[in-house]
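The values are calculated or read from the model by the stated rules, or taken from the named source; none is laboratory data. Predicted model, so just to flag it, every value in this text is computed and none were measured. Here the Cβ positions follow ideal geometry from the backbone for every residue, glycine too, while neighbour counts run over all protein chains shown. Each accessible area value is taken on the protein alone, full model and side chains, heavy atoms only, with ligands, DNA and RNA left out. Shrake-Rupley method; radii C 1.70, N 1.55, O 1.52, S 1.80 Å.
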Amino acid sequence: MEYTSRQHSFDLFVEPSGRLTPRVAAAIETLASRGGIEARGAIFTRPEVVDFILDLVGYTDDQPLHHKRLLEPSFGGGDFLLSVIGRLLAAWRVSKNAGSVVEELGDAIRAVELHRETFEATRTAVVERLKNEGISGQAATALVDRWLVQGDYLLAPLNGQFDFVVGNPPYVRQELIPAPLLAEYRSRYLTMYDRADLYIPFIERSLLMLADSGNLGFICADRWMKNRYGGPLRNLVSERFHLKVYVDMVDTQAFQSEVIAYPAITIIGREKPGATRIAHRPSIDHKTLVALADALRAKTLPKERKELRELARVTNGAEPWLLESSDQTALIRRIEQQFPTIEEAACKVGIGVATGADKAFIGDFDSLDVEPDRKLPLVGTRDILTGEVQWRGQGVINPFADDGRLVDLRQYPRLRRYLEARKDEIAGRHCAQKTPTNWYRTIDRIFPPLAKRPKLLIPDIKGEAHIVFERGRLYPHHNLYYVTSKEWNLRALQAVLLSDVIRLFVSTYSTRMRGGYFRFQAQYLRRIRIPYWRDVPEALRKELIEAATNRNPQACNRAAFRLYRLSQEERSALGGNGE
């Protein structure tokens, strides 16, 4: 089910209370006492990037910071916290102090950390930092006790609102969150939709904790900006906030360790929506980032900073954020208005079979000792590396009858022997433990007719479009997406999908991984727009088919540009003229 903004109202948000069930409290205690780096989603931010984010949100020591309030949701080792304290003390010292340091600064910071050992280590470091700044031990301890909170940010009561919320929220998959705690999060946070990772409700709560004109500055994975599970959070931003700045951090050394996810910095203000300023891949050095922050915060973008852009209407309800150039965004919108989606045009997008135990279910086709109708030849990413299918001879066991139910193993003695010899591995899967009587099913049902259908095969992660035609002999593995069609000629469709027009679609809607690789997932492929096959002239049909058959990228572009009726300006927006 796709998200729509009518499904939720964020007016229902209620500040968490301290009342928790014993099971939830036990789950929190488990994470607080034993959670490792992976379970906690702890990634540490480089000091230059911390200072850059603080500059972008306006937390600078030329402001009366002791009269402001700042919140950090997950302070970890203190990457942000220690820099914040330095700026706060610098601003406080130049003001005329009427009271004690505890009275003046006690309400200026709230910072939360769940992991108890990390909390205690950072608490000690903060106390020492304050003492080194000339603050007495007693005052330092009193300040830290006011500032720091040990607990679950998503459930801990926090009083008042904040002028700044900054940090690097934890990146934790749902599978690593204990079930009672996950259920509690879902009951409280409307953005916990579909497969949302933990940083999603962190952003929701942080936004709703902002005071009027307050600013949030986070560095985290950008997946929520485009994929399905980010829909409710995008809708919240669109309805109530201003996406002020987006800084693409792909392939930059923003963190103190390597990360696979594609990070970005977002500055979001609790104010009337407006244009978004965009920067890409800055050098991670102090001088560069200071100058970039000044430019992004200027009243108007400096004319000499040609690499910086300002786009209107980036946020649009729950729709993915389009962060490309304005002319490319205009091209995407025009095509979306004029053409149906790929599935509306009688094409089906799917994903290959996941078994949950590939070593048991997959092997050399000829050597799989089962009845002939219980195995299918399998195609995976390694079979299509050249751009054409070069089958390596793998096969997959099919435990399903034509009616979709599992076959009776008593009727298939060879299959029964094969599976029972591997029962420990197969029955140990989560799906098998949930229904022990169906222990030998693959995670996904297998539909043998799919193997016989011609199809286009698309690997999940690629730097460029990699669309391979398969004649209808092989069944796709789960690391491949596929497209079939009852109307479109698949060779013609292959040419379209190989064109720069479709590359723009995928790059616009897809998240990326390290190295700039796109995710060619079904949710992004289904956003592609193509004409109905009946509307494609005969001469253009032949041109598309010939371009794909010859694997000629320039010919694919020329035909696709005519198919979408691109103007010269639109062709230029793609970086070419199709000639």
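Values for this structure:
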{"read-out": "Some residue of segment 297-320 being among the acidic types (Asp, Glu), open to solvent by 60 Å² or more (accessible area, probe 1.4 Å), touching a strand residue (DSSP E or B) at 6+ places or on another chain (Cβ under 6 Å) and modelled with pLDDT of 90 or more", "value": "yes"}
{"read-out": "Residue in segment 95-116 that is most open to solvent (accessible area, probe 1.4 Å), counting only those that are assigned to a helix (DSSP H, G or I) and in contact (Cβ under 8 Å) with a residue 12 or more places away in the chain", "value": "116"}
{"read-out": "Residue that is surrounded by the most Cβ atoms within 10 Å (Cβ to Cβ), among those in segment 177-192 that are touching a Leu at 6+ places or on another chain (Cβ under 9 Å) and in a helix (DSSP H, G or I)", "value": "184"}
{"read-out": "Residue in segment 247-263 that is modelled with pLDDT of 85 or more, assigned to a helix (DSSP H, G or I) and open to solvent by less than 10 Å² (accessible area, probe 1.4 Å) present", "value": "no"}
{"read-out": "Hits in segment 361-375 (condition: more than 16 Å from residue 472 (Cα to Cα) and not in a helix (DSSP H, G or I))", "value": "362, 363, 364, 368, 369, 370, 371"}
{"read-out": "Output for segment 135-148, where each listed residue is within 26 Å of residue 19 (Cα to Cα) and either assigned to a helix (DSSP H, G or I) or open to solvent by 40 Å² or more (accessible area, probe 1.4 Å) (or both)", "value": "144, 145, 146, 147"}
{"read-out": "Residue list for segment 302-342, restricted to those being in a loop (DSSP other than H, G, I, E, B), without any contact (Cβ under 8 Å) to a residue 60 or more places away in the chain and either touching an Asp or Glu at 6+ places or on another chain (Cβ under 6 Å) or of a type in the set (S, T, N, Q) (or both)", "value": "none"}
{"read-out": "Qualifying position, being free of Cβ contacts under 8 Å to residues at least 40 places away in the same chain and either open to solvent by 40 Å² or more (accessible area, probe 1.4 Å) or farther than 23 Å from residue 277 by Cβ (or both), among 73, 64", "value": "64"}
{"read-out": "Restricting segment 149-176 to residues that are without any contact (Cβ under 8 Å) to a residue 40 or more places away in the chain and open to solvent by 20 Å² or more (accessible area, probe 1.4 Å), the residue that is farthest from residue 233 (Cα to Cα)", "value": "149"}
{"read-out": "Residues that are open to solvent by 10 Å² or more (accessible area, probe 1.4 Å) and in a helix (DSSP H, G or I), drawn from segment 203-233", "value": "208, 223, 228, 229"}
{"read-out": "Residue selected from segment 153-166 under the condition of a type outside the set (A, V, I, L, M, F, W, C) and modelled with pLDDT under 95, by the criterion farthest from residue 216 (Cα to Cα)", "value": "157"}
{"read-out": "Residue match in segment 507-526 (condition: in a helix (DSSP H, G or I), among the β-branched types (Val, Ile, Thr) and at pLDDT 95 or above)", "value": "no"}
{"read-out": "Close pairs (7 angstrom Cβ cut-off, 6 or more residues apart or separate chains): crowded, with 17+ Cβ neighbours inside 10 Å in segment 418-430, small (Gly, Ala, Ser) anywhere", "value": "426/357; 426/360; 426/432; 429/356; 429/357"}
{"read-out": "Filtered residues of segment 331-372 (kept if acidic (Asp, Glu), touching a Pro at 6+ places or on another chain (Cβ under 9 Å) and open to solvent by 50 Å² or more (accessible area, probe 1.4 Å))", "value": "none"}
{"read-out": "Residues located in segment 534-558, provided they are outside any helix (DSSP H, G or I), open to solvent by 80 Å² or more (accessible area, probe 1.4 Å) and in contact (Cβ under 8 Å) with a residue 40 or more places away in the chain", "value": "551"}
{"read-out": "Residue match in segment 455-466 (condition: touching a residue at least 40 places away in the same chain (Cβ under 8 Å), of a type in the set (Lys, Arg) and either touching a Gly at 6+ places or on another chain (Cβ under 9 Å) or surrounded by 15 or more Cβ atoms within 10 Å (Cβ to Cβ) (or both))", "value": "yes"}
{"read-out": "Residue in segment 237-245 that is at pLDDT below 95, in a loop (DSSP other than H, G, I, E, B) and closer than 28 Å to residue 83 by Cβ present", "value": "no"}
{"read-out": "Conditions (1) under 30 Å from the mean Cα position of the chain (by Cα); (2) farther than 17 Å from residue 454 by Cβ; (3) modelled with pLDDT of 95 or more; (4) open to solvent by less than 10 Å² (accessible area, probe 1.4 Å); number of the one not met by residue 483", "value": "(2)"}
{"read-out": "Breaking point among (1) within 23 Å of residue 476 (Cα to Cα); (2) crowded, with 16+ Cβ neighbours inside 10 Å, for residue 382", "value": "(2)"}
{"read-out": "In segment 410-445, the residues that are aliphatic (A, V, I, L, M) and within 14 Å of residue 357 (Cα to Cα)", "value": "419, 421, 426, 427, 432, 443"}
{"read-out": "All positions within segment 76-86 that are buried (at least 20 other Cβ atoms within 10 Å of the Cβ) and in a helix (DSSP H, G or I)", "value": "79, 80, 81, 84, 85"}
{"read-out": "Conditions (1) closer than 26 Å to residue 94 by Cα; (2) crowded, with 17+ Cβ neighbours inside 10 Å: number failed by residue 132", "value": "(2)"}
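Yes/no matrix, rows are residues, columns are (1) modelled with pLDDT of 95 or more; (2) closer than 24 Å to residue 118 by Cβ; (3) among the acidic types (Asp, Glu):
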residue	(1), (2), (3)
58	yes, no, no
72	yes, yes, yes
76	no, yes, no
80	yes, yes, no
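Results for (1) in contact with a Cys (Cβ under 6 Å, 6 or more places away or on another chain); (2) in a helix (DSSP H, G or I); (3) open to solvent by less than 50 Å² (accessible area, probe 1.4 Å); (4) at pLDDT 50 or above, shown as yes or no for each residue.
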site: 6; (1), (2), (3), (4): no, yes, no, no
site: 16; (1), (2), (3), (4): no, no, yes, yes
site: 19; (1), (2), (3), (4): no, no, no, yes
site: 31; (1), (2), (3), (4): no, yes, yes, yes
site: 43; (1), (2), (3), (4): no, no, no, yes
site: 50; (1), (2), (3), (4): no, yes, yes, yes
site: 55; (1), (2), (3), (4): no, yes, yes, yes
